[in-house]
1. At a probe radius of 1.4 Å, what is the per-residue accessible area of THR44, in Å² to the nearest 10?
2. Quick check: residue separation of SER49 and LYS23 times 0.36 nm, minus the Cα distance between them. What number comes out in nm?
3. Using a 1.4 angstrom probe on heavy atoms only, work out the carbon and sulfur share of the accessible area of the chain in %.
4. So, taking all protein chains as they sit and a 1.4 Å probe, how much accessible area belongs to GLU37, in Å² rounded to tens?
5. Counting only heavy atoms of the protein chains, get the accessible area per residue of the chain (1.4 Å probe) and round it to a whole Å² value.
6. Here are some values of Rg/Rh (Cα atoms, Kirkwood Rh): (i) 0.99; (ii) 0.96; (iii) 0.91. Which one was computed from this structure?
7. To the nearest 10 square angstrom, how much accessible area does ILE16 have with a 1.4 angstrom probe?
Amino acid sequence: MTNEQMIEAILDKMNIINRGAIKSEEYNAADPSAVKEIYEYVMTRSSLSLSEVDGIVEELGQLT
């Protein structure tokens, strides 16, 4: 799975409606292990709190 695909899946799981702030194509050069770590965390959660979503978005912002 590519970084772009993992980012898309993360955004889907977090129900991010405004995708303009996080563009999956910007993560092609990001560290794949860091993206995968976030991806695996998000996918194992049945639901995410608002503070978790905020933290994940912040982490994603640091990867670009």
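The values are calculated or read from the model by the stated rules, or taken from the named source; none is laboratory data. Remember, predicted model here, so these are calculated numbers, not experimental data. Side chains included, ligands, DNA and RNA excluded: accessible areas come from the protein's heavy atoms. Shrake-Rupley method; radii C 1.70, N 1.55, O 1.52, S 1.80 Å.
1. 110 Å²
2. 7.2 nm
3. C and S atoms contribute 50 percent here.
4. For GLU37, solvent-accessible area is about 130 Å².
5. Roughly 64 Å² per residue, with all protein chains present.
6. (iii)
7. Near enough 40 Å² of accessible area.
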